[in-house]
Amino acid sequence: MASTAPILALDPAPASASASPPAPARAQGQAQAQGPLSEACGVAINYIASYELNVSDGYLSMVCYFDEDPDAPVYVPFFQDQVEVKKGHARQFIRYLKERKSKVCLPVVKRLDKEYWGTNVQAIVMALELENGLHKLLQDLQNLASQKNETDLLEFLKRFVGKQKRNIKYLEYQHSYQKELERLTSKEDYVSY
């Protein structure tokens, strides 16, 4: 009986016709998704993706408000950056849903009812509220993923939670700085009278 090994060696199949290659790992070292996602986690991810888009809109509104100001606060570039970052996060959550064979159905999240952002401190407070709200949603999803033994989802969420913590710290610093600046400015105004 002839061996088939030499035939395979002489007639290799083209790469596209070979057996399906191993699935590539997701970008940035993420673990490969394991089976369908639990329905509760899918609903939560849909809400987070929608909320991320809402936060992006809020930042865009703030950027437009301060765009006309020649003395725009130092944190406006952060707001500009977050417009795109939050949209990107929403896309990543949607992609994750699709990878895990979950339905994408973004709920309507009530938009911010603001057109006037007021003082620098008021804008920072609103940004902090948005970021803290998102952080709470991510923590709730982490807890749910733990209960449902969704280890892949827990791994996926790690970087988002880390970014949220950094954003919150930055905004808290800006909040303290802007409050101190307002205090010093009002003290100077009082002394000059």
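The values are calculated or read from the model by the stated rules, or taken from the named source; none is laboratory data. Please read all numbers here as calculations on a predicted model, not as lab measurements. Neighbour counts run over all protein chains shown; Cβ positions are idealised from the backbone, glycine included. Ligands, DNA and RNA are excluded from the accessible area calculation, which covers all protein heavy atoms including side chains. Shrake-Rupley method; radii C 1.70, N 1.55, O 1.52, S 1.80 Å.
Looking at this structure, is Lys165 open to solvent by 40 Å² or more (accessible area, probe 1.4 Å), free of Cβ contacts under 8 Å to residues at least 12 places away in the same chain and more than 18 Å from Ser61 (Cβ to Cβ)? No.
Residues in the stretch 97-133 that are open to solvent by 80 Å² or more (accessible area, probe 1.4 Å), assigned to a helix (DSSP H, G or I) and modelled with pLDDT of 85 or more: Lys98, Glu129. One residue stands out in the stretch 139-162 among those that are charged (D, E, K, R) and in a helix (DSSP H, G or I): the one that is surrounded by the most Cβ atoms within 10 Å (Cβ to Cβ), namely Asp152.
Of all residues in the stretch 134-169, those satisfying the criterion of being under 16 Å from Gln82 (Cβ atoms) and out of contact with any helix residue (DSSP H, G or I) (no Cβ under 7 Å at 6 or more places or on another chain) are Arg159, Gly162, Lys163, Lys165, Arg166, Lys169.
Scanning the stretch 45-63 for residues being buried (at least 21 other Cβ atoms within 10 Å of the Cβ) and among the small types (Gly, Ala, Ser) gives a total of 2. Every test in (1) assigned to a loop (DSSP other than H, G, I, E, B); (2) open to solvent by 60 Å² or more (accessible area, probe 1.4 Å); (3) at pLDDT below 80; (4) of a type outside the set (Asp, Glu) is passed by Ser186 save one, and that test is (1). Of all the numbered requirements in (1) open to solvent by less than 40 Å² (accessible area, probe 1.4 Å); (2) under 18 Å from the mean Cα position of the chain (by Cα), Lys136 misses one, and that requirement is (1).
Output yes when any residue across the stretch 6-15 is assigned to a helix (DSSP H, G or I) and either at pLDDT 50 or above or within 20 Å of the chain's Cα centre (by Cα) (or both), and no when none is. No; the residues of the stretch 6-15 include none that is assigned to a helix (DSSP H, G or I) and either at pLDDT 50 or above or within 20 Å of the chain's Cα centre (by Cα) (or both).
Filtering the stretch 64-81 to residues that are part of a helix (DSSP H, G or I) and either loosely packed, with under 12 Cβ neighbours inside 10 Å or in contact with a Phe, Trp or Tyr (Cβ under 6 Å, 6 or more places away or on another chain) (or both) leaves Tyr65, Asp67, Val76, Pro77, Phe79. Close contacts from the stretch 38-60, counting a first residue that is over 16 Å from Leu112 (Cα atoms) and a second that is open to solvent by less than 30 Å² (accessible area, probe 1.4 Å) and charged (D, E, K, R), with Cβ to Cβ under 7 Å and a gap of 6+ residues or different chains, come to Ser38/Glu150; Cys41/Glu150.
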